[in-house]
Amino acid sequence: MYKCGFIGIIGKTNAGKSTLINSLVGQKVAIVTPKKQTTRDNILGILTDEKHQLIFVDTPGIHKTKNQLDKLMMYNVRSAVASVDIIFYVIDGKKNLENQEIENIIKFASETPTIVGISKQDINKQENVAKIIEILAEIKNLKAVIPFSSIKNLNIELIKNEILKLLPENEEKNFYYEEDVYTDKSVRFMTSEIIREQTFLSLNDELPYGVAVIIKRFEEKSKLIVIDAELVCEKLSHKNIIIGKGGLKIKEISTNARKELEKMLNNKVMLTIWVKVNKNWRQLESLTLIN
Ligand SMILES: Nc1nc2c(ncn2[C@@H]2O[C@H](COP(=O)(O)OP(=O)(O)OP(=O)(O)O)[C@@H](O)[C@H]2O)c(=O)[nH]1
Ligand SMILES: [Mg+2]
């Protein structure tokens, strides 16, 4: 018997969803930062063996919407919830469980087979985790509750096994993706994400939320890959901060992004980034594509 299906990784922003996907798949498919609202698109991380294909859907963290970009992000969450076979809901084990979150979990569990994971077990206070488990015990229909740590690789195998129990069965090997594919995203998309990750890591406060990355050129030459990217921000004052005194900030972003890209692409990279202003692009009604 073969098993194959989609697992939505859902939860509040910063809970550790993307880190979990990378750990489950064993590849960096999604960027991770200490800041909230890092993930904007739904990204598939695909794990295949002889008999099984587990297709994890990374989603933006659930948060209140302030602009058109937020709305698009929450649309991505809803569409994932509506289309997956299993929901794996990630609770941040360092935080308190809010009523809204409990309501969401109750709703998900009443509609779709749902497992709850409690993340960051390596740094959690055990009393807090015990309190969360006590609250979750009251919820009907939950298939499992698993404390885990992606960073310490704790209970990651257990998560896979519990998911496998719930995955749809098939007599034939009808996998959705080829066996060597580990994401649905293009190399161009992954490139823009790596650059965006570095802007999140290098820029303070709210500034990175107003940044989008557009890849203008991706050309494989005989000995290196030439990449030209536009970093779009919302104000001229932001552009000046991103460039920094004597161009030092953009140099830091470019150098760090190039190093990450060279690791991902296994090749030498020549990366040039231009900073552009597109006033309030996050508020545009016409905003449909982030990249
Ligand atoms: N100590 C510890 N930190 C973790 C673990 N998992 C994630 N983190 C950290 O938590 C922060 C958020 O992780 P992400 O994986 O980006 O969280 P996310 O849920 O994808 O966040 P959004 O995309 O913003 O919704 C990062 O700083 C991670 O390094 C873990 O198992 N242990
Ligand atoms: Mg994420």
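The GluC sites (Glu not before Pro) of segment 154-190 meeting both criteria, a DSSP state outside H, G, I, E and B (loop) and at most 12 other C-beta atoms within 10 angstrom of the site's C-beta, are GLU171, GLU172, GLU178, GLU179. Placing dummy labels 7 Å off each Cα toward the beta-carbon, the span from TYR2 to THR65 is 3.8 nm.
Cross-link pairs exceeding 27 Å between alpha carbons, from the set LYS51/LYS125; LYS51/LYS143; LYS17/LYS276: LYS51/LYS125; LYS17/LYS276.
Distance from the Cα centroid of segment 65-117 to that of segment 1-63 is 13 Å (rounded to whole angstrom). Shown here for segment 27-81: trypsin sites (Lys or Arg not before Pro) in loop regions (DSSP other than H, G, I, E, B) with at most 14 other Cβ atoms within 10 Å, namely LYS36, LYS51, LYS64, LYS66. Counted by Cβ distance under 12 Å from LEU154, the other residues give a net charge of 0, where Lys and Arg count +1 and Asp and Glu count -1. Dipole magnitude for the chain: computed about the Cα centre from +1 point charges on Lys and Arg Cβ and -1 point charges on Asp and Glu Cβ, it is near 1320 debye. For the set LYS221/LYS263; LYS239/LYS279; LYS35/LYS94; LYS12/LYS120; LYS71/LYS140; LYS94/LYS120, the pairs lying more than 19 angstrom apart at their alpha carbons are LYS71/LYS140. Relative contact order of the chain, taken over Cα pairs closer than 8 Å and 6 or more residues apart, is 18 percent.
One chain, two ends: GLU219 and LEU248. Fully extended at 0.36 nm per residue, the span grows by 7.8 nm beyond their Cα-Cα distance.
Each Lys and Arg contributes +1 and each Asp and Glu -1, all at the Cβ; summed about the Cα centre of segment 2-170, the dipole is approximately 520 debye. A simple spin-label model places pseudo-atoms 7 Å from Cα toward Cβ; at VAL187 and TYR75 they are separated by 3.0 nm. Toward the positive end of the charge dipole of the chain, with +1 on the Cβ of Lys and Arg and -1 on the Cβ of Asp and Glu, the farthest Cα among GLY45, LEU248, ILE105 is that of LEU248. Over all other residues within a Cβ to Cβ distance under 9 Å of GLY61, the charged ones net out to +3, with Lys and Arg as +1 and Asp and Glu as -1.
Only protein heavy atoms count here; under a 1.4 Å probe, ARG282 has an accessible surface of about 50 Å².
Under the combined filter of DSSP loop state and at most 13 neighbouring Cβ atoms within 10 Å, segment 223-291 retains these GluC sites (Glu not before Pro): GLU285. Helical content of the chain, expressed as a calculated mean residue ellipticity at 222 nm, amounts to -11000 deg cm²/dmol (DSSP H runs of 4 or more residues, -39,500 (n - 2.57) each, divided by residue number, nearest 500).
The values are calculated or read from the model by the stated rules, or taken from the named source; none is laboratory data. Bear in mind that the values here come from a model prediction, so they are computed numbers and not experimental data. For neighbour counting, all protein chains shown are included, and Cβ atoms are generated from backbone atoms with ideal geometry for every residue, glycine included. Remember, those area values only see protein heavy atoms, side chains included, never the ligands or the DNA or RNA. Shrake-Rupley method; radii C 1.70, N 1.55, O 1.52, S 1.80 Å.
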